[in-house]
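Okay, structure first, notes after.
The values are calculated or read from the model by the stated rules, or taken from the named source; none is laboratory data. Remember, it's a predicted structure, so these values are computed and weren't measured experimentally. Neighbour counts run over all protein chains shown; Cβ positions are idealised from the backbone, glycine included.
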Amino acid sequence: MDEHTDDLNAQLCTRIGAIMVDASVSALTVGGKSPGDRQAAIDELDVAAKRIDALVSAVRALLP
């Protein structure tokens, strides 16, 4: 792997971490929400999980 690919992998993994941090608020507070707000939080977590999955796939594709 070259230096540019290493840097790209680091950037992708940093983005994964940022998504996780943002999603953690919804995940940790979902129990105290009203049913409508709970559904919205679950939807946000679903979107975050799909974004993370796509980024992990990109990182894997760049591995030797």
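So, in the range 14-39, how many residues would count as being over 30 Å from His4 (Cα atoms) and surrounded by 13 or more Cβ atoms within 10 Å (Cβ to Cβ)?
The number of residues fulfilling the criteria is 6.
Is there a residue being at pLDDT below 95 and outside any helix (DSSP H, G or I) anywhere in the range 2-19?
For the range 2-19, residues at pLDDT below 95 and outside any helix (DSSP H, G or I): present.
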